[in-house]
């Protein structure tokens, strides 16, 4: 019977040996999925209509014996919590969220104890004794209440188990282990009721004690037969884990002392082409898988056959490969069947609900008297892909960013959003009516999102599956909350939601018999394929590796006969080798990166295949790496098109500002983006005041304080009166510039005080100057000046235009009256930044940016000065002690600070060189790598 697929062989046996009693034959398989494939195999064996045998999964079969239904894992947690509260002293009772952290682990241990038919009192008392021994060294008087509570917890374990068992049994529900134990208890009565039935157990590997007992009992009563699917390569090797369990059964079952063991096959040693492919990261494996499928389709068409993928399976060792894989599969795949559970943790609908919980819990806890949202929470919701296209909130996002709304009241949010719809209302309505109301709101929200998604788009169909999975969880929670109303805080609800989401999976629907099969490892049981692609063949993924998610220590498990990671690895080993057993073309993909979340060394299974290579196996090992360019980054070069030259002429007519000239020097590409393409920075909420915003506030405060003195000489009294206005004017400017941003808290309060201190210190310096005999007359504040530059080498006149912070007429004591042009800088500036030794190559270096800027102001004002001496310079608020720092030309030892015509002429020559470069159509914009 070799070289046939396993289910085809079972179908043949059923037709040949059970044809007279098919109606009374029940075929028991490891999972539900194999049922459809077995029926299809039976169809191929018969030409007439026949009654199909009953086909069931092992879990459904055992539920029938136990007459008990499986309880939902979420429901089980709630039921266990009720039992826990009824047993535990009130002073030691924990909240549901704390309870759930350890209860899930304890339930797994209860499950194992029952599946392996162990005496629960013995096992759980054993654990208590271990903890007692650990505490032997502690004197009685040193035992704290916390330690006493800890020991009491272990003492209560047998009672928790027994009470939960009885509680569930009364409701005729149970976790898997309880159902298995009950099935064994009911076995005698059950076997008496099925004397006319014949059971065929097919395709099993690892069996727990309860399963072994049930199957052996039915075999002994001549009610059952078993058909294994084990290859002699693994069975005959005493060290090969793929045959670990079947070897045990073959040696220990009484039935096999006098009966043949069926079936031992020789398929693994047949001709196989095995390609081992290493590539970086998950996305690399997804892309290669897509390429393999495309090659299969292409080869099939080239051979003149229909491109069918019915005998091709992609087995995902890590579920996280699924989503990138769906995007990399070729469009020619056609029919596709996904049969695997996908964790709800990465579900986009779940991520939205998690963000929703975060936003509302923050709003509830921030201020007891009001309902205030944090802007980041609001934007996280509004920009989520399930919300953004449908909430019609583009204008709202813009308003939040423009006005610096850091915290937004519930009322204000609804006032700002003029085009409200059902989706927006469900997202932001208050969560103040208890947990059930919250869950009902989320349920309605998910239905609204589902109605927005199309059935025609494949991506949106997958998204619908994600949304529906969370919708089911929310509705389950509503049902459980209706029965457990004492758990009613929103914070507790969120903790419970996080617990139950770990237990939930997204189920995909498809046509199981047609097209490409995508499945998890466990879904591949009993099935055979001609071509198999296995991803994530890394240690820790395939096999999963050691996981001690149990209160029962490893050595105790060994002693009691409970499965350890050794047995779990053996299960993975069997599934892996069974996938390869009858396949002809095998592709094993693994991640070559050893770091990161999905990193790790290649799987031991790959090494095992290489070391124990079969004669008829062709193994190839390849590493695929993305092609890396020799140069990490190629600087951008943008040639000047006709439209760019037109735009440059437009700028020349409107005015080149000093900052535009320095931005070109800093990086021509930056100039291109900002001035030619007119690309602005994305507007975002400025939660903490930025330096440029602080600078604007200081500039504007000084402008308002000094405006009354324009064209007047400032007196000591004027400055003293200005001191009184600092606080109110800085606050006013903060509100004008920073809008709705929070001022009186955290970093912003510090920035507020810094702004006040800078203005205060500036006025103190002014007052000191006046006291020392300086006369100061304000000519202009924050005024724009311009001057047309005409030069023989320029293609056309260029307007130089800019905004000057302050121009004053100053006469030092016993000095000469001069015009002083001042530029305020919030950052730190030193005297060296405004000192120049030579005009040669002035515009080649960004370090000269402040000199280029202040000399541009001098050039623009020269004609207005009417021959009066001009000084230009900077006042740095981070270096106020230096006072006014004039531009100084220091060709020799003595520096020149007065701007004369020769100095300006040298400056203009350098500016003309720069402008010619900017305006020259043959010189492209070359990016500078800083």
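Summary table below
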quantity	calculated
Estimated FRET transfer efficiency (residue 185, residue 253; beta-carbon r; R0 30 Å; 0.05)	0.90
Acute angle (nearest 10 degrees) that the helix 716-738 long axis makes with the longest principal axis of the chain, alpha-carbon atoms	30
Spin-label model distance (nm) - residue 917 vs residue 637, 7 Å beyond Cα toward Cβ	1.6
Peptides 607-617, 866-876, 311-321, 330-340 ordered by average Cβ neighbours within 10 Å, highest first	311-321, 866-876, 330-340, 607-617
Percentage relative contact order, region 345-507, counting C-alpha pairs under 8 Å, at least six apart	23
Percent of beta bridges antiparallel (DSSP, the chain, rounded to nearest 5)	35
Crossing angle, helix 458-483 versus the chain [Cα axis fit, 0-90 degrees, rounded to tens]	70
Ranked 327, 256, criterion: other C-beta atoms within 10 Å, fewest first	327, 256
Efficiency of FRET between residue 196 and residue 232 - r from beta-carbon atoms, R0 35 angstrom, step 0.05	0.45
Label-to-label distance, nm, for residues given as residue 902 and residue 447 (7 Å Cα→Cβ offset)	8.8
Gained length - residue 465 relative to residue 878, 0.36 nm times residue gap less alpha-carbon distance	142.9 nm
Fewest-first sequence of 645, 579, 379 by Cβ atoms within 10 Å of each Cβ	645, 379, 579
Span from the region 1-52 Cα centroid across to the region 557-636 one, whole angstrom	34
Computed lengthening from residue 299 to residue 93, 0.36 nm per intervening residue step minus Cα-Cα distance	67.6 nm
Region 283-419: relative contact order as a whole-number percent, Cα under 8 Å and 6+ apart	19
Cα shape, region 73-171, gyration tensor, a/c 1.5 rule	oblate
Whole-number D in µm²/s for region 774-921 (Stokes-Einstein; Kirkwood sum over Cα pairs; 25 °C, 0.890 mPa s)	153
Modelled FRET efficiency - R0 51 Å, residue 291 with residue 43, Cβ distances, 0.05 increments	0.90
Linear extension gain, residue 813 paired with residue 735, 0.36 nm per residue minus alpha-carbon span	24.1 nm
With Cα atoms, 0 to 90° folded angle of helix 565-581 axis to the chain main axis	80
The chain: calculated mean residue ellipticity at 222 nm from DSSP helix runs of at least 4, using -39500 (n - 2.57)	-15000 deg cm²/dmol
Normalised contact order of region 774-921, rounded percent, pairs of Cα under 8 Å and 6 or more residues apart	24
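Bear in mind these aren't lab numbers, they're just calculated from the coordinates by the rules spelled out. Everything numeric in this text was worked out from a predicted model, so none of it was measured. Quick reminder, even Gly has a Cβ in these numbers, built from the backbone with ideal geometry, and neighbours come from all protein chains shown.
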